[in-house]
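The values are calculated or read from the model by the stated rules, or taken from the named source; none is laboratory data. The structure displayed is predicted, hence computed values, not measured ones. Here the Cβ positions follow ideal geometry from the backbone for every residue, glycine too, while neighbour counts run over all protein chains shown.
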Amino acid sequence: MLMNALRLFWVSLLVTMAACAPARVVAPSLEGRDLREYLSARNGISEIETQFSILFERNDSDMRGDAALTISKNGDMSLRVYSLGFLAMEVSSKDGVTKSRPHLDKGRTDLLTRGLRDCLFWWDVGDYTITDEGARYVVRNAEREIWLNKKTLLPERQRIWLDDDKELTVSYSDPEERNGVWYQSKIRIELMKYSVTLRVKEMAFRA
């Protein structure tokens, strides 16, 4: 009797834990869809508004916070980062002129301007070639190289070449969907000694 009761207890516990576990989000399969057509369909998005948790890392130090970002296809942007409820950083860019408070060096400025713009508007590539590499497509032009999952057509990683021969690298995971648009909700951007990891909470796409 005791053994049966213990078995029933463990079975009910496992069932409860399984019911409470978050469901794994799986992006729909788009395998077979024309990739150029898919990229072109996203070109109607001109602005992205998003909120995310953010982790800045530099060598052995880090800073965590929450951020709100509005960014346009042309690179204009407004970023606010809060830590412990207080405004810790502001970055804005308009017509190629970037302002920040506190002042940021070039590495962090590139990470938070070019890095955010190209990692979010990853489909906005011109004059590109496509290579089929088994489970992935590689989309490449003179400035960027993007690996797309062949089934979901979502980015998995990206390399961005900067003017000063430096290279931004981006990795993506954890697909989510908002209003019919799928995106990766975890993004890590790296440049030299700096890295930024984003965990997207909200994402809105504007035409």
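Observations, loosely collected:
- Checked against the criterion of being closer than 19 Å to residue 40 by Cβ, in contact (Cβ under 8 Å) with a residue 40 or more places away in the chain and assigned to a strand (DSSP E or B), the range 192-207 has at least one qualifying residue.
- Within the range 132-158, being of a type in the set (Asp, Glu) and surrounded by fewer than 15 Cβ atoms within 10 Å (Cβ to Cβ) holds for 132, 133.
- Residues in the range 81-106 that are crowded, with 17+ Cβ neighbours inside 10 Å and hydrophobic (A, V, I, L, M, F, W, C) were compared, and the one that is nearest to residue 187 (Cα to Cα) is 81.
- Qualifying residue in the range 129-151 (condition: modelled with pLDDT of 95 or more, of a type outside the set (D, E, K, R) and under 24 Å from residue 105 (Cα atoms)): no
- Qualifying positions in the range 54-63 - loosely packed, with under 14 Cβ neighbours inside 10 Å, outside any loop (DSSP other than H, G, I, E, B) and either polar (S, T, N, Q) or modelled with pLDDT of 95 or more (or both): 61
- Within the range 92-119, the residues that satisfy the criterion of being farther than 21 Å from residue 197 by Cβ and without any contact (Cβ under 8 Å) to a residue 12 or more places away in the chain are 97, 99, 103.
- Of all residues in the range 65-85, exactly one satisfies the criterion of being outside any loop (DSSP other than H, G, I, E, B) and modelled with pLDDT under 95, namely 83.
- Selection within the range 174-207: residues that are loosely packed, with under 13 Cβ neighbours inside 10 Å and on the phi < 0 side of the Ramachandran plot. The member of this set that is nearest to the chain's Cα centre (by Cα) is 202.
Every residue, every condition in (1) part of a loop (DSSP other than H, G, I, E, B); (2) farther than 19 Å from residue 189 by Cα; (3) of a type in the set (Gly, Ala, Ser), yes or no:
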{"residue": "108", "(1), (2), (3)": "no, no, no"}
{"residue": "123", "(1), (2), (3)": "yes, no, no"}
{"residue": "142", "(1), (2), (3)": "yes, yes, yes"}
{"residue": "147", "(1), (2), (3)": "no, no, no"}
{"residue": "152", "(1), (2), (3)": "yes, yes, no"}
{"residue": "157", "(1), (2), (3)": "no, no, no"}
{"residue": "160", "(1), (2), (3)": "no, no, no"}
{"residue": "163", "(1), (2), (3)": "yes, no, no"}
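- Residue within the range 167-187 that is under 25 Å from residue 127 (Cβ atoms), part of a loop (DSSP other than H, G, I, E, B) and out of contact with any Lys or Arg (no Cβ under 8 Å at 6 or more places or on another chain) present: no
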